[in-house]
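Data block below; observations after.
The values are calculated or read from the model by the stated rules, or taken from the named source; none is laboratory data. Source: prediction; values computed, not measured. Cβ coordinates were reconstructed from backbone atoms using ideal geometry, including for glycine residues, and neighbour counts include every protein chain displayed.
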Amino acid sequence: MKEVKATLRKKLLQKRRSLSLKAWQYKSQQICDHLQAFPLFGEAKTILTYFSFRQEPDLSSLFALNKVWGVPRCVEKSLSWHVFPSDFPTQTGAYGMTEPHPEAPILTVDRVDLILVPCVACDLSGYRLGYGGGFYDRLFSSPHWADKPTIGIVFQFGLIEALAIDPWDRPLQFICTEAGIEFPG
Ligand code: ADP
Ligand code: MG
């Protein structure tokens with residue numbers, strides 16, 4: 001199973017890397033437009049998001065909207081969420097990911113209305129393939145986080161029919177690609 005996931009991950013990451021800058025920007029903007037038109041997004045006051053890494057869909061044009069934004073910092077095996085922007089500058093963490101400053105204000109789970117989850121791949125049941133760290137699986141396995149609305153963010157070529165899944169994989173509620181929002185069945 002580990003190998004099946006690793007092979008697909010590698011293939012899709014290569015494909016994402018090969019997107020031209022223009023295509024990446026255009027598709028990212030389409031994803032932002034679909035999110036903005038989605039009621040769940042419109043109603044959410046506090047939203048967890050991410051800084052685009054390795055040509056992940058770029059959601060940064062949304063950060064100017066009047067929301068409270070949270071971004072993750074990897075702390076050992078878990079994610080700690082911080083308000084963005086804040087008085088503290090972002091920094092470069094493990095693997096070259098941009099992350100919030102450790103002293104930036106913490107965003108507690110009770111405030112969170114919606115989580116935008118970066119994906120290497122998603123499937124039509126809402127299952128997600130990440131980078132292999134299991135960070136979001138671990139997050140959603142915790143009772144306080146399990147019920148939060150989630151939208152997986154992925155380019156259309158990463159939305160596949162059925163992923164190979166492990167018992168710890170947690171499905172997402174919605175998927176957003178440049179073609180629109182999917183409602184996994
Ligand atoms: P990803 O979801 O990032 O694609 P995987 O699903 O392959 O990665 O998970 C990677 C690792 O995370 C696995 O080795 C798994 O043991 C670990 N993991 C996932 N969920 C949990 C959890 N709830 N508690 C502890 N470890 C977990
Ligand atoms: Mg997983």
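A few notes on this one:
- Breaking point among (1) assigned to a helix (DSSP H, G or I); (2) without any contact (Cβ under 8 Å) to a residue 12 or more places away in the chain; (3) not basic (K, R), for N66: (1)
- Test for V75: is it of a type in the set (V, I, T) and modelled with pLDDT under 95: yes
- Tallying residues that are part of a loop (DSSP other than H, G, I, E, B), more than 15 Å from the chain's Cα centre (by Cα) and more than 10 Å from ligand 2 (Cβ to nearest atom) within the range 168-185 yields 4.
- The range 1-44: number of residues that are among the charged types (D, E, K, R) and away from ligand 2 (no atom under 16 Å from the Cβ): 8
- Scan of the range 33-63 for residues that are assigned to a helix (DSSP H, G or I) and either closer than 21 Å to T92 by Cβ or touching an Asp or Glu at 6+ places or on another chain (Cβ under 8 Å) (or both), ordered by number: H34, E43, S60, F63
- Residues satisfying the stated conditions in the range 111-158, i.e. surrounded by fewer than 21 Cβ atoms within 10 Å (Cβ to Cβ), hydrophobic (A, V, I, L, M, F, W, C) and more than 15 Å from ligand 2 (Cβ to nearest atom): V112, L124, F157
- Residue in the range 18-32 that is closer than 23 Å to G180 by Cα and within 16 Å of ligand 1 (Cβ to nearest atom) present: no
- Counting the residues of the range 138-185 that are touching a residue at least 40 places away in the same chain (Cβ under 8 Å), of a type in the set (A, V, I, L, M) and within 14 Å of P118 (Cα to Cα) gives 6.
- Residues satisfying the stated conditions in the range 150-160, i.e. β-branched (V, I, T) and assigned to a loop (DSSP other than H, G, I, E, B): V154
- L163 vs. criteria closer than 22 Å to L62 by Cα and outside any strand (DSSP E or B): no
- Matching residues in the range 160-181 - criterion: being in contact with a helix residue (DSSP H, G or I) (Cβ under 9 Å, 6 or more places away or on another chain) and more than 16 Å from ligand 1 (Cβ to nearest atom): Q173, F174, C176, T177, E178, A179, G180, I181
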